[in-house]
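Below is one structure, written out as structure tokens; comments come after it.
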Amino acid sequence: MNDLDILRAMRADAPNPAEDRLAAGRERLRAAARPLGSGHRQPGQAWRGYRRPAYGRPAMMLASALAVGALAAAAVLVIRPAPPSPSAIRLVSAAQVLDRAASVALAKPALTVRPHQWVYEKGIKSAGAHSFTTVSWYRFDGKETASFEHGNLVFYPGNRHDVALLATPEAAAGFLASLPTDPSALLAIIYNKADAQPRDQWVSKNRDARAFSFLITVTWNAPVGVPPEHEAAAFRALAKIPGVTIRTGLTDAAGRPAIGLTFKAGNGLNGTFFLDPHTYTISGLGYQDAGLARTAIAVVDKPGQK
Amino acid sequence: VTNVVRLARHPHEGNGADVTAPTRERVDDAALIEQSWHEPEVFAGLYDRHASHIHRYVTRRLGDGFADDVVGETFLAAFQRRQRYDLARPDARPWLYGIAANVIGKHRRAELRMLQAFARTGADPVAQSYADRADARVSAAGVQRQLAAALAGLPAGDRHVLLLIAWADLSYDEVAVALDIPAGTVRSRLHRARKKVREALGGQDPTMISEEPPR
């Protein structure tokens, strides 16, 4: 990988603009073009009175999840039980897939993680044609992160907003553990949470889309430390959200086969979460041409340990 | 793009017979621009074709908050200059990126501030603008802080050359057209910029970055 390749990877996850972001510019151009047959106009004419339109940030939650994902890490090593053999039954609906995920979650041993323990995560992040391996450690409580630079372990303070955003493993796992294990009761709380988000952070006008995005993001952010019955309840609740669909035959950012879990098209929510077809854990996510795959995880006592 | 489809006159078709007959043929940018001399609204076809990738390029350089305005200003400026477009160039991308570079240049200080902040703190304000705050810490794990510092230290012209090649995928000749400089100048600027980048990356841990796995 040469210097240009490294440079190409920088900010390579910058998104292509959503159509609504381009509409205003096109309209300005049309306004400039409209009045003239002669091809001339007052410079700046079309600018006057122009205001950047208010627009939502579709998929902000997913974009956020994409970002958080690399922090929050998932459980595959150490914590996960040996994967069951692939199901002989072809799972065709989201409900079936998620029910299976719930059963697998229930079979896992409970794991208590202490706040000062660290989550080791290895992942593959792809953006466009580029991908990187990321290796990081995060304190369970989110107060510090660490990674190797020049062979030295370098520490960074956590973001103080992450706890409130349920973006630390501890906050996300704690939130899920605080919910009822009855899927319908759980979902009622999720809908309330999704409704309580500021409008400008809505991923969609569709309540179901917001609930899906909220719940799956929190689940993704809590790769370790969720009591099995609560993790199972989260999957069962996801299955109850209208519009949640699966796509089969996908690959994640690491090139592994994956079942895509997404919201039905047409609601401004284009992100896909990936389920490992054997372990039914959330193995990665993809958003437009960027993706993130979790390839290893462990709870360790000190950063640098694997 | 309906505007494009309407363009039907071919050089060999003689004196304007059947001018409005639709054609499925993809019309190149130069033809579109020429038509827009007389039918200004046709220029919107150029926007539909190129605004998206320029928007992404601007987002990458200045962040999400600047992109809409910079793209809008770029195309308005292009529209105003459309009669000076060199019709011998079928692809308008270099021309548009050159105009975009000028508009981006108006925000040079903002760009430098953000690069310097990234280099200093490991949190990239540009990445944060489109991907929410946490993404920056992923970057911090890698070599990109040194890269940000190197980019901030480049002369503006060298930075344009380097990023048009690395991020906009323009060729040397296209960069020369975009920035209206000789191809030899593109090469010397690129050489200089890459040397600085390599120096900045000199000590990076190669294990932090790996090649893309085969798909």
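The values are calculated or read from the model by the stated rules, or taken from the named source; none is laboratory data. The structure displayed is predicted, hence computed values, not measured ones. With ideal geometry, Cβ positions are generated from the backbone for all residues, glycine too; neighbour counts draw on all protein chains shown.
Quick notes on this one:
- Positions within the stretch A:186-237 being of a type in the set (Val, Ile, Thr) and within 14 Å of the chain's Cα centre (by Cα), in sequence order: A:VAL203, A:ILE216, A:THR217, A:VAL218, A:THR219
- Among the criteria (1) more than 14 Å from chain B (Cβ to nearest Cβ); (2) among the small types (Gly, Ala, Ser); (3) surrounded by fewer than 24 Cβ atoms within 10 Å (Cβ to Cβ), the one A:ALA234 does not fulfil is (3).
- Restricting A:LYS205, A:LYS240, A:LYS264 to residues that are at pLDDT 90 or above and basic (Lys, Arg) narrows the list to A:LYS240.
- Taking first residues from the stretch B:41-59 that are under 17 Å from B:LEU164 (Cβ atoms) and more than 7 Å from chain A (Cβ to nearest Cβ) and partners that are of a type in the set (Phe, Trp, Tyr) and surrounded by fewer than 23 Cβ atoms within 10 Å (Cβ to Cβ), the Cβ contacts under 7 Å between residues at least 6 apart in sequence or on separate chains come to B:TYR57/B:TRP167; B:VAL58/B:PHE66.
- Selection count where residues are surrounded by fewer than 24 Cβ atoms within 10 Å (Cβ to Cβ), at the interface with chain A (Cβ under 7 Å from one of its Cβ atoms) and at pLDDT 80 or above, scope the stretch B:122-135: 2
- When the criteria are applied in full, B:VAL138 fails the requirement of being in contact with a Lys or Arg (Cβ under 8 Å, 6 or more places away or on another chain) and modelled with pLDDT of 85 or more.
- Given (1) over 30 Å from A:TRP137 (Cβ atoms); (2) buried (at least 22 other Cβ atoms within 10 Å of the Cβ), number of the condition A:LYS240 does not satisfy: (2)
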